[in-house]
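Here the structure comes first, spelled out in structure tokens, and everything after it is commentary.
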Amino acid sequence: MLSWIPAPLLGALSTVLLGINTLFWCTPLFAFSLLKLLLPFAAVRRCVDPVLNGIAKSWIACNSGWIMLISRSPWDVQGLDALKPGGWYMVNCNHQSWVDIFVLQRIFNRRIPFLKFFLKQELIWVPVIGLAWWALEFPFMARHNKAALRKRPELRNQDLETTKRACARFALVPTSVMNFSEGTRFTAAKHARQQSPYQHLLKPKGGALALALNVLGEKFRALLDVTLVYPDGTPRYWDLACGRSGRVVVRVHELSVPVEFIQGNYTEDSAFRKRFQAWLNGVWEDKDREIEAVLSACRETRCR
């Protein structure tokens, strides 16, 4: 445990460790990615992709090591016992902070296939790690404002095609497809602006989830519904690096993928879209209640 180190010094040390770890593992990652780029054949991809995923898992394992060393509060994680490292999973989670990524990577690493996220296009320019995401074929999604969509309606299909291409690649090697249905991190301002009907969540968006289920649904072993709670307040990266992230509570529920949602067309079939959104809203209602129950239990524990 390194929690005795003063927080600013610990934060600097954690950031240095993260940087060294990233540079160390990115070297072989980029080398194998170049090989795949030079030899763009399906047989090469099937051989190289597991190597790339293995390198990424080692990077995550090292990150998880320093996170475990600096954490002052225990993590309460339930629902991992029945998970299997083979096959495909669809993972759906609420979103509060960049710390969510570290949490999800740590709890799922080597328990299920490597997590692939849908990322904002601008993140490809993040030094080193943006190139690593590209090498690992994380899908980058463009976001267009309403004015741009009115001027060029064809842009509406851009993310749809990106998602289809990404899911087609995911079908070649066992993958866990990660989705934040809220589409953005939760804040009180966003919650008020949306007039969200949920106490602790933003409104869920079903498009990306529905499309992934449609393209890869028959391959998915299950849908993992993840509820992530920070009872001591939502931490930023610097809080995590300084060992001040507070308590982390994670609940994982393994759900079967409804068969009707594997076949439907979310984009063009309005009746299907309503059914799918109603189902997702029900999942979100359960999640909202679970978050409140976790927070209530944590408040009671703290008061004792």
Inset, instruction - Please list, ordered by first then second residue, the pairs with beta carbon atoms under 8 Å, 6 or more apart or interchain, first in the range 185-200 and at pLDDT 95 or above and among the polar types (S, T, N, Q), second surrounded by 10 or more Cβ atoms within 10 Å (Cβ to Cβ) and not in a loop (DSSP other than H, G, I, E, B). - result: Gln199/Asp288; Gln199/Ile291; Gln199/Glu292
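Just checking, which of Val226, Val259 is aliphatic (A, V, I, L, M) and in contact (Cβ under 8 Å) with a residue 60 or more places away in the chain? Write out each step before concluding.
Working: Val259 fails: in contact (Cβ under 8 Å) with a residue 60 or more places away in the chain.
Criteria check complete, one pass: Val226.
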Inset, instruction - Would you mind telling me which numbered condition in (1) closer than 18 Å to Glu182 by Cβ; (2) outside any helix (DSSP H, G or I); (3) in contact with a Ser or Thr (Cβ under 9 Å, 6 or more places away or on another chain) Ser245 fails? - result: (1)
Legend entry - Subset of the range 98-128 (residues that are over 20 Å from Leu280 (Cβ atoms), in a loop (DSSP other than H, G, I, E, B) and under 11 Å from the mean Cα position of the chain (by Cα)): Trp98, Phe114
Inset, instruction - Check the range 68-84 and report whether any residue there is touching a residue at least 60 places away in the same chain (Cβ under 8 Å), part of a helix (DSSP H, G or I) and either under 22 Å from Leu119 (Cα atoms) or of a type in the set (A, V, I, L, M, F, W, C) (or both). - result: yes
Inset, instruction - Could you identify the single residue in Leu201, Leu228, Leu211, Leu224 that is in a loop (DSSP other than H, G, I, E, B) and hydrophobic (A, V, I, L, M, F, W, C)? - result: Leu201
Inset, instruction - Please verify whether the range 74-81 includes one or more residues that are within 30 Å of Thr234 (Cα to Cα) and modelled with pLDDT under 90. - result: yes
Legend entry - Of residues in the range 233-255 being in contact with a strand residue (DSSP E or B) (Cβ under 8 Å, 6 or more places away or on another chain) and closer than 17 Å to Met68 by Cβ, the one surrounded by the most Cβ atoms within 10 Å (Cβ to Cβ): Val248
Inset, instruction - Scan the helices (runs of 4 or more DSSP H) fully inside the range 129-182 and keep the ones with 1 or more residues being modelled with pLDDT under 85, out of contact with any Ser or Thr (no Cβ under 9 Å at 6 or more places or on another chain) and buried (at least 16 other Cβ atoms within 10 Å of the Cβ). - result: 158-170
Inset, instruction - May I ask you to verify whether Asp49 is buried (at least 18 other Cβ atoms within 10 Å of the Cβ) and either in contact (Cβ under 8 Å) with a residue 60 or more places away in the chain or closer than 20 Å to Pro127 by Cα (or both)? - result: yes
Inset, instruction - Would you mind stating whether Ser58 is at pLDDT below 95 and either assigned to a loop (DSSP other than H, G, I, E, B) or not hydrophobic (A, V, I, L, M, F, W, C) (or both)? - result: no
Legend entry - Residue list for the range 3-20, restricted to those being part of a helix (DSSP H, G or I) and of a type in the set (Val, Ile, Thr): Thr15, Val16, Ile20
Inset, instruction - Of all residues in the range 91-128, count the ones that are surrounded by fewer than 18 Cβ atoms within 10 Å (Cβ to Cβ), among the acidic types (Asp, Glu) and touching a residue at least 40 places away in the same chain (Cβ under 8 Å). - result: 0
Legend entry - Contacts under 8 angstrom Cβ, first residue in the range 263-278 being on the phi > 0 side of the Ramachandran plot, partner exposed (fewer than 15 other Cβ atoms within 10 Å of the Cβ) and not in a loop (DSSP other than H, G, I, E, B), 6 or more apart: none
Inset, instruction - Look at the range 220-232 and say how many of its residues are buried (at least 19 other Cβ atoms within 10 Å of the Cβ) and acidic (Asp, Glu). - result: 1
Inset, instruction - Assess whether Ser256 counts as being hydroxyl-bearing (Ser, Thr, Tyr), at pLDDT below 95 and within 20 Å of the chain's Cα centre (by Cα). - result: yes
Inset, instruction - Determine whether the range 274-284 contains at least one residue that is under 25 Å from Lys219 (Cα atoms), among the aromatic types (Phe, Trp, Tyr), at pLDDT below 85 and surrounded by 13 or more Cβ atoms within 10 Å (Cβ to Cβ). - result: no
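The values are calculated or read from the model by the stated rules, or taken from the named source; none is laboratory data. Keep in mind the model is a prediction, meaning the values are calculated, not measured. Positions of Cβ are generated from backbone atoms using ideal geometry, with glycine treated the same way; all protein chains shown enter the neighbour counts.
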